[in-house]
Amino acid sequence: MKLLVSVIYLISLMSNVESQVPVLTPSVLYVNQGQTGTYNCNVGVKNAHATVFLRQTPGKTPQLILYHHHSYTEPKYGSGMSSAHFGSTINGAGTEYQLIVKNTDTRDTDTYYCVKWYDNIGCVFSQSSKLIVTVDKFPEPALLVFPPYTEDNESKDSSTLTCHISKLAVSLVNVKWLIDGTTVQDGVSTSNPVRESDNTFSMSSYLTLASKDVNKDRMYSCIIQQEGSSAFISKGVKLSQC
């Protein structure tokens, strides 16, 4: 009997822990530029700890947007954040927090989280969610595709083509490589975006092939799509023409 009671208690405790996970919705939020975007974070319990909202650019540490608590008259903001662009509300039960992004811009296209501290398990992150700000037309990014170095072909078993991408409006970008119009996945690696001084982003993608498989008469192309845009931009190189 004691064993049964212990098992029931353990199951109850585990269920309680599993239920204490902040849930951020929607999982992807699409907003037209200039409009307001709203996230809901259900934290499940009302406790003594604030709820935190973060954003993360690929390859960077998460950045604090704000934190809020049912005892506050207004949220507290992270460095560089303000009520002019971000806001937060709480429901009457103190269990659901909203993150409001006002007058959205393409620079808001990023990955977002909410975070809550629970006394019995500690700090817990929600699942990630992408905020994608859509516009009629992005400024044209710049793509350059470089063939493998000659020295690489002569001295190595593999050869690497490079696609350098710059003047990106957002940090979330889909990159593909194609050989004669067919998508390839093996041998592809892509760097994290870097924010430049003009607030655009740049990055590089690489296609590494066995040197014996490199065909100078084939077209090797890099194709990109920025999140929030329906346009595909591509650039290719035929090694026989280099």
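Rolling a 1.4 Å probe over the heavy atoms of the protein chains gives the chain an accessible area of 55 Å² per residue.
Once the chain from Thr182 to Asn91 is taken as fully extended at 0.36 nm per residue, the excess over their C-alpha distance is 27.7 nm.
For the chain, averaging the sequence separation of C-alpha pairs within contact (under 8 Å, six or more residues apart) and dividing by the residue count gives a relative contact order of 17 percent. Round to the nearest 10 and give me the degree value, 0 to 90, for the angle of helix 2-19's Cα axis relative to the longest principal axis of the chain. Helix 2-19 and the main axis of the chain meet at about 60 degrees.
The residues packed around Ser82, meaning those with a beta-carbon under 13 Å from its beta-carbon, carry a net charge of +1 if Lys and Arg are +1 and Asp and Glu are -1. For region 106-242, just say rounded, prolate or oblate: build the C-alpha gyration tensor, square-root its eigenvalues into a ≥ b ≥ c, call rounded for a/c under 1.5, and beyond that prolate if a/b exceeds b/c, oblate if not. Judged from the Cα gyration tensor, region 106-242 comes out prolate (a/c at least 1.5, a/b above b/c). Taking a Cβ cut-off of under 13 Å around Met219, the surrounding Lys, Arg, Asp and Glu residues balance to a net charge of +2, with basic ones at +1 and acidic ones at -1. Rounded to whole numbers, the Karplus 3J(HN,Hα) couplings from phi for region 175-190 are 10, 10, 10, 10, 10, 6, x, 9, 5, 10, 10, 5, x, 9, 9, 9 Hz, using 6.51 cos²θ - 1.76 cosθ + 1.60 with θ = phi - 60°, and x at Gly and Pro. Once both labels are positioned 7 Å from their Cα atoms along Cα-to-Cβ, the gap between Glu140 and Arg107 label points is 2.5 nm. In the chain, the portion of solvent-accessible area held by carbon and sulfur atoms comes to 51 percent [1.4 Å probe, whole percent, DNA, RNA and ligands not counted]. Converting phi to 3J(HN,Hα) with the Karplus coefficients 6.51, -1.76 and 1.60 and the offset θ = phi - 60°, region 217-226 yields 8, 8, 9, 9, 10, 10, 10, 10, 9, 7 Hz in sequence order, with x at every glycine or proline. Converting phi to 3J(HN,Hα) with the Karplus coefficients 6.51, -1.76 and 1.60 and the offset θ = phi - 60°, region 74-85 yields 7, x, 9, 9, x, 4, x, 9, 7, 5, 5, 10 Hz in sequence order, with x at every glycine or proline. Working from label points 7 Å from Cα in the Cα-to-Cβ sense, the Tyr30 to Ser189 distance is 3.4 nm.
Could you list the trypsin sites (Lys or Arg not before Pro) in region 191-240 that lie in coil according to DSSP, counting only those with at most 12 other Cβ atoms within 10 Å of their Cβ?
Within region 191-240, the qualifying trypsin sites (Lys or Arg not before Pro) (loop, at most 12 other Cβ atoms within 10 Å) are Lys216.
If the Kirkwood radius is taken over C-alpha pairs of the chain, then at 20 °C and 1.002 mPa s the Stokes-Einstein diffusion coefficient equals 102 µm²/s.
Electrostatic bookkeeping for Val43 treats Lys and Arg as +1 and Asp and Glu as -1; over the other residues with beta carbon under 11 Å from its beta carbon, the sum is +1.
The values are calculated or read from the model by the stated rules, or taken from the named source; none is laboratory data. Small disclaimer: the values here were computed from a predicted structure and weren't measured. Glycine gets a Cβ as well: all are built from the backbone with ideal geometry, and neighbour counts include every protein chain shown. We work out accessible area using only protein heavy atoms, side chains counted, and drop any ligands, DNA or RNA first. Shrake-Rupley method; radii C 1.70, N 1.55, O 1.52, S 1.80 Å.
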